[in-house]
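The values are calculated or read from the model by the stated rules, or taken from the named source; none is laboratory data. Just so you know, these numbers come straight off a predicted model, no measurement behind them. Cβ coordinates were reconstructed from backbone atoms using ideal geometry, including for glycine residues, and neighbour counts include every protein chain displayed. Each accessible area value is taken on the protein alone, full model and side chains, heavy atoms only, with ligands, DNA and RNA left out. Shrake-Rupley method; radii C 1.70, N 1.55, O 1.52, S 1.80 Å.
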Amino acid sequence: MCGIVGVLGNHEAAPILVEALKRLEYRGYDSAGIATINDGHLDRRRAVGKLVNLSDLLVHDPLPGKAGIGHTRWATHGAPTVCNAHPHQAGPVAVVHNGIIENFRELRAELSEKGFSFQTETDTETVALLTQYHMSQGAAPVEAARQTLARLHGAFALVFLFDGQDDLLIAARKGSPLAIGHGDGEMFVGSDAIALAPMTDRVTYLNEGDWAVITRNSVEIRDANNELANREMRTIQIDSARVDKGGHKHFMAKEIAEQPRVIGEAVRHYLSGDGNSVTLPGDGLDFTKIDRLTMVACGTAFFACLTAKYWFEQLARLPVEVDIASEFRYREPPIPGGTVALFVSQSGETADTLAALRYCEGKADKIISVVNVPESSIARESDLALPILAGTEIGVASTKAFTCQLTVLLMLALKAAEQRGTITPERQADLLSALRALPSSLNTALEQNSAIARAAHKLAEAKDVLFLGRGLMYPMALEGALKLKEISYIHAEAYASGELKHGPIALIDKIMPVVVLAPRDTLFDKTVSNMQEVLARGGKVMLITDDAGAAEAAGEAWQTIVMPHVDPVLTPILYAVPAQLLAYHTAVAKGTDVDQPRNLAKSVTVE
Ligand code: F6R
């Protein structure tokens, strides 16, 4: 995680670095720092907490210089203190780093024996000290960096800046993404192209193991074998305007409200011209030749996969396995012929998901990804990348990306069902028409905002919350619990309703709220029976249902939230909205940092 940036410019570097870091703050906000070549010499400014603290520091203590590096940190090794903040400097070199140096203990021991002492608890400092050591042995900066890089194990991206070198940056990528931006007589480096967007749209992505020697007028890229490498320069299309809150109090609120529009766009994108079928980009996929689907993701994206399992199995009769990426990659599961591997990721950079994808390369028949960032590593390394078209998502808690993932996955399941002949044309037409009408149902769901805010006010008093759901509502219960805990810090757990009496029912008392997600579908009566078991033990039930469900079961509920009726297949996309709003308003009532909750980062590029 951590965001890194480098500039060899013709103007003052500090404002450019801070602006780029603003765009990278989604990667971490434990501390931030910049270093420049100020009057020929390395100089740094660092501050704990959000980027605004660094900006404030720079007002009082400016940092001149036209060449510089910057960093926004998500702490891995060492507490978020000024001392542990990047850039790390050792004598003539300063370094910013994203990722983990796995052999840093061994390197530390080696450096200690050579008489070096450590000022920080970070793994990054070993990189700076090792480079300093090589320079003390007579190596010039480029050679010192090369020798250092050859010693490092792990997944990382690094940028080096050297004392007295106003026209030199060295950038290296092993595991964590890094992009070089080409200006006119200027050069930039960033963790992603979004950070570079205000400066340039001409970008070269470093490949695995690449390292680059960069000056204002040249870039020399070498691969892991130290051979000169030719990497394509692309012109990318990224909105360079900083995304604003559009009148909302938080990005999360704005992103929740955007769902009818972005989902409408995703549906239109994948609908055939006549509106009767689903079209996929490129050569698409032949689902008649597929025996099984293996879906892999992390966090909220994993819950999107869990939901899609129901769709692929029920609509397309296609067996699906769903796995958490961090478990999948180390379990090394067999991938039999006829398997398509599908990876879901908003950022397209999640380290575990990317590693799982690489594990499937050469084993699965095809690799598909469902991503929000088309330029991301996961998209670029897939045979077929399906964009979810959610637009930039800034709030750390995923909202519109989740529902857009669901929309695209449902449309993919419909394509599979059509090709495999497991859906009648009438049923397919019904579902496509329900998808077209979904934005309007989502707008109706959003009208419950005030009612949900009132319910959330009561939820904010809870210490623990249980979420229950059955069938398609089970993954939604998991997602509701995740949303609540990540932004309100209330402990929340989710269970399949049928599991209640196998243990969690022991938790039921008069204090802990139980959120029951239950549209009036074929499983409604079963879920309501479980709800009755909670009520019979004095439990407090918050019921999220539709009109028909409320008419039957709202009587004894502590709170009821009513959604519009939609085809049962589409309920996960719709019921995500009250789950998101409930978490959002609970967090607001508790006064937590909604968009940047503690300890989290938007893009998880370390294991
Ligand atoms: C939760 C959330 C995370 C992400 C997870 C995967 O609200 O956003 O659980 O879903 O870190 O991230 P991506 O989708 O970028 O791979």
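Tabulated data
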item	result
Number of positions in the range 1-18 that are touching a Phe, Trp or Tyr at 6+ places or on another chain (Cβ under 6 Å) and either modelled with pLDDT of 95 or more or assigned to a helix (DSSP H, G or I) (or both)	1
Some residue of the range 278-287 being modelled with pLDDT of 95 or more, within 16 Å of the ligand (Cβ to nearest atom) and open to solvent by less than 10 Å² (accessible area, probe 1.4 Å)	no
Extreme residue, farthest from the ligand (Cβ to nearest atom), among residues of the range 291-301 that are closer than 17 Å to PRO333 by Cβ and β-branched (Val, Ile, Thr)	THR294
Subset tally (residues that are within 16 Å of the ligand (Cβ to nearest atom), in a helix (DSSP H, G or I) and open to solvent by 10 Å² or more (accessible area, probe 1.4 Å)) for the range 302-333	6
Tally of residues being in a strand (DSSP E or B) and among the polar types (S, T, N, Q) across the range 216-239	2
Among (1) buried (at least 16 other Cβ atoms within 10 Å of the Cβ); (2) within 20 Å of TRP558 (Cβ to Cβ); (3) more than 16 Å from the ligand (Cβ to nearest atom), the one test that ALA494 misses	(3)
Condition check for LEU484: touching a residue at least 12 places away in the same chain (Cβ under 8 Å), within 16 Å of ALA579 (Cα to Cα) and not in a helix (DSSP H, G or I)	no
Qualifying positions in the range 577-607 - within 12 Å of the ligand (Cβ to nearest atom) and in contact with a Leu (Cβ under 7 Å, 6 or more places away or on another chain)	ALA583
Positions within the range 20-42 being open to solvent by 50 Å² or more (accessible area, probe 1.4 Å) and over 21 Å from the mean Cα position of the chain (by Cα), in sequence order	ASP39, HIS41
Residue in the range 162-177 that is of a type in the set (A, V, I, L, M, F, W, C), over 19 Å from ILE100 (Cα atoms) and part of a helix (DSSP H, G or I) present	no
Residues of the range 576-607 classified as touching a strand residue (DSSP E or B) at 6+ places or on another chain (Cβ under 7 Å) and closer than 21 Å to ALA297 by Cα, total	2
Residues located in the range 551-564, provided they are farther than 14 Å from VAL515 by Cα and of a type in the set (A, V, I, L, M)	ALA551, MET563
Qualifying residue in the range 8-29 (condition: in contact (Cβ under 8 Å) with a residue 24 or more places away in the chain, within 17 Å of THR124 (Cα to Cα) and hydrophobic (A, V, I, L, M, F, W, C))	no
Subset of the range 181-215 [over 19 Å from GLU381 (Cα atoms), in a strand (DSSP E or B) and not polar (S, T, N, Q)]	GLY181, HIS182, MET187, PHE188, VAL189, GLY190, ARG202, TRP211, ALA212, VAL213, ILE214
Residue check, LEU293 outside any helix (DSSP H, G or I) and at pLDDT 95 or above	yes
Complete set of residues in the range 498-528 that are among the small types (Gly, Ala, Ser), open to solvent by less than 60 Å² (accessible area, probe 1.4 Å) and assigned to a helix (DSSP H, G or I)	GLY498
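Yes/no per residue for (1) under 32 Å from the mean Cα position of the chain (by Cα); (2) aliphatic (A, V, I, L, M); (3) open to solvent by less than 10 Å² (accessible area, probe 1.4 Å):
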site	(1), (2), (3)
HIS88	yes, no, yes
ALA94	yes, yes, yes
GLU106	yes, no, no
SER112	no, no, no
PHE118	no, no, no
THR124	yes, no, yes
VAL127	yes, yes, yes
